[in-house]
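The values are calculated or read from the model by the stated rules, or taken from the named source; none is laboratory data. The structure presented is a predicted model; accordingly, all values stated were derived computationally and were not measured. FYI the Cβ positions are ideal-geometry reconstructions off the backbone, even for glycines, and counts take in every protein chain you see.
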């Protein structure tokens, strides 16, 4: 397992401590890893994707996630807060521009950050594109993925009495209950639903990992908070601001059978960018851990390294 050459916290002026790690070559190609969720946090295993002799890899636990403090905190936790954290971190690390590598919710952050600070972006690598459109929320929490996983969907609805009309808000109300056992069980149900649809073939280990007590609390609390507020973005914000990033060289990797974030979003994004390479992995769903997706991401990084050498 690769070891970081630096571990530290970025302190904010509104009560958060943002944990980050640095791996690889300090003078190499800087790549910022943006984790999904919201609220999942990073893993040291992410560094294994990289040739660490060529890359300077920065892993960040977003507000309330992973080792960041306070744990599962949703106060002062918005998309713009995170964008500001990332930009402050770039300045602290004296990085002129970096490549953003994001997965799932991490692609949303990468796109919003790039639209806000295009001067700070060298390239984008996006896996499992989530554009934060109304149709994307409805797909996962109303009428889309449930058609492919009916049993898991029914289990997900059970804690809220089978109500399908406002799942996100109903779960928010459950998370506010005084009975901590009930809260924990409802958070597990929230996590189990997403983990169940994350791979082409269900992996019990992913469900188990996401239901680990702290991870479960962070992911359920923070993702529900963000989705209730439509990720603190204006309606179709990424779509409306696409011209700001049209020029940025981008690689997209997306599973053909991604039932969390349907491939149509990645296809649209690819069509809107001037320099974009889209890889649709045929035998894959949403998870980065699927063999074809991991291979494709390594190919993107090899292409990035070759591009930077030219």
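Candidates in the stretch 255-266 are the residues that are in contact with a strand residue (DSSP E or B) (Cβ under 7 Å, 6 or more places away or on another chain) and assigned to a helix (DSSP H, G or I); of these, the one that is surrounded by the most Cβ atoms within 10 Å (Cβ to Cβ) is 266.
Please go through the stretch 269-287 and give me each residue that is in contact (Cβ under 8 Å) with a residue 24 or more places away in the chain and in a helix (DSSP H, G or I), ordered by number.
Answer for the stretch 269-287, where residues must be in contact (Cβ under 8 Å) with a residue 24 or more places away in the chain and in a helix (DSSP H, G or I): 269, 272.
Selection over the stretch 154-186 of residues that are part of a helix (DSSP H, G or I) and without any contact (Cβ under 8 Å) to a residue 60 or more places away in the chain gives a count of 22. Of all residues in the stretch 1-28, exactly one satisfies the criterion of being under 18 Å from residue 96 (Cα atoms) and surrounded by fewer than 11 Cβ atoms within 10 Å (Cβ to Cβ), namely 27. So for the stretch 120-127 (the condition being surrounded by fewer than 18 Cβ atoms within 10 Å (Cβ to Cβ) and under 22 Å from the mean Cα position of the chain (by Cα)), does at least one residue qualify? No: zero hits. Taken over the stretch 267-278, the residue count meeting the criterion of being in contact with a strand residue (DSSP E or B) (Cβ under 8 Å, 6 or more places away or on another chain) and surrounded by fewer than 21 Cβ atoms within 10 Å (Cβ to Cβ) is 7. Considered as a group, the residues in the stretch 203-214 that are free of Cβ contacts under 8 Å to residues at least 60 places away in the same chain and in contact with a helix residue (DSSP H, G or I) (Cβ under 6 Å, 6 or more places away or on another chain) include one that is nearest to residue 152 (Cα to Cα), and that residue is 207.
Taking every residue in the stretch 288-308 that is farther than 17 Å from residue 257 by Cα and in the same structural domain as residue 251 (by TED's automatic domain parsing) and pairing it with any residue that is in a loop (DSSP other than H, G, I, E, B) and modelled with pLDDT of 95 or more, at least 6 positions away or on another chain, the pairs with Cβ-Cβ distances below 6 Å are 305/54. Taken residue by residue, the stretch 129-137 has at least one member that is in a helix (DSSP H, G or I) and free of Cβ contacts under 8 Å to residues at least 60 places away in the same chain. Among the residues making up the stretch 60-77, those that are closer than 16 Å to residue 35 by Cα and surrounded by 17 or more Cβ atoms within 10 Å (Cβ to Cβ) are 60, 61, 62, 63, 64, 65, 66, 68, 72, 77.
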